[in-house]
1. Order by neighbour count: A:113, A:60, A:33, A:27, fewest other Cβ atoms within 10 Å first, most last.
2. State the Kirkwood hydrodynamic radius of chain A in Å, one decimal place, computed from all pairs of distinct Cα atoms.
3. Among DSSP bridges having both ends in chain A, what percentage is antiparallel? Round to the nearest 5.
4. Please compute P(r) over all alpha-carbon pairs of the stretch A:181-233, binned at 10 Å starting from zero, and give each bin as a whole-number percent.
5. Percentage of Cα-Cα pair distances in the stretch A:31-91 greater than 20 Å, rounded to whole percent?
6. Expressed as a whole percent, how much of the Cα-Cα distance distribution for the stretch B:22-81 exceeds 12 Å?
7. Working only with C-alpha atoms, what are the Rg and Dmax values of the stretch B:70-151, expressed in angstrom?
8. Taking the inverse of the average 1/r across all pairs of different Cα atoms in the stretch A:252-293, what Kirkwood radius in Å do you get?
């Protein structure tokens, strides 16, 4: 028996709030039972539309955090000198030093060099990830702990599990809803994906951010397609963006009109293509142009 | 006073609020664009560049003639950025956080640190507003060191507005830490509400007073307002869902320039921030 290859489409945007999640949710409905991976782990919203029933819940332990034992601290200040992340809080007169857990990057330098060996280094709980059932297919999603590190590693975990699920159960497509930006969690969302769809908007920011995110896609050698959401807000800018996209080596996947029904769908916990929305037709066309299983 | 403008959800209007607030305060104010992955403030406050500095993080370089392959560096490194297999170690610069531990721990002094470029900090002047922005190089994963470099240029004697990246993770925390006040921008939609909740949890963790700006008022429902009322969170400003605002934004125009009837909104916002902070915040 030949193994079916699982395709992985990642939806990214550079700029936030361009409509990634609304479009991905619609794709989840249009695709034939895909696996959905919500990789925007620090502001995950897909579950608000796909209302998943959680089947498995896993703690995400990742990294360590320095903790100074008050009783053993000799207040020498070595940790303060060595910490490059500004995470050591010097105590006042007669008080021990302490670590700001929000600033600590878990490098362990203070732990290793404390002359009194007064610093513990417990593992930290950085969040949780879940496997759920939705009306469109299984979904892997996560929640990064409050002010926790390691969002990139949590994204990698979500993607790995989504892919495993797809392979084990014969799904041919994983839809990855990516985070905004171009940094660590975006890189973790897109490396090795089969295709990227960049959702942008016809604004100066959308144009600027698209250019950077397309460079990132090229850097990692991911074929990219671009779709301009709310295109009719500024038709001239839409044209400019599409020219830019083609010059940057991307394909045009289509335009989606400005549509207030997108918010109405969100309020009803529906994907745009599940309600009678004018832009649903545009989203269907974009989906078809991507030529995915 | 240092005011950070943040949001859980992207695209709610952080940059809109930051640039219009900066213009309303006027000459002398500093605007720090800490969304170093996608800096946009300069598209609205054009001005001229007055300086640009390359930012680096220290990464290890191994002198193989001194290394005896003891592997201490690899055992210390928590990020797998330096790995030793009984010979001179391999360095993976993209994974390095620049903690300096490997150079400190090496018993033979075989590791020294050299700078690896991660981006630039540019300073611009726009009619007396000092815009300081970070721009992360493409392919670089870690934004926080660049955000810290942007913030190190802040003049504490003057008012500063910090435009944060979206989300609630490390780059946002690196931005808002040390602020006197955080403005959380949201929209009255289910996504806006959900991500506002996450952002509030994060801000409470770092204990900075905050208030909310509701953008696109009228576009969704009233759940954000009900939530703020129940949580005792002040709403500092409401910006209506006005297609003219979206169109002006699309062209890179400031709201207070393109639609002067909104100038009062941002004066009121500043007044509310001062008032709320002076009354002790929460």
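No value in this document is a laboratory result; all are computed from the given coordinates. Just so we're clear, the structure is a prediction, and the values are computed from it rather than from any experiment. Cβ coordinates were reconstructed from backbone atoms using ideal geometry, including for glycine residues, and neighbour counts include every protein chain displayed.
1. With the sparsest Cβ surroundings first, the list reads A:33, A:113, A:60, A:27.
2. Numbers: mean 1/r = 0.0482 Å⁻¹.
About 20.7 Å, per the Kirkwood formula over Cα pairs.
3. 45
4. The percentages, shortest bin first, are 25, 55, 19, 1.
5. 56
6. Cα-Cα pairs of the stretch B:22-81 separated by over 12 Å account for 82 percent.
7. Cα radius of gyration and Dmax of the stretch B:70-151 are 16.8, 59 Å respectively.
8. Details: mean 1/r = 0.0936 Å⁻¹.
Here the Kirkwood hydrodynamic radius works out to 10.7 Å.
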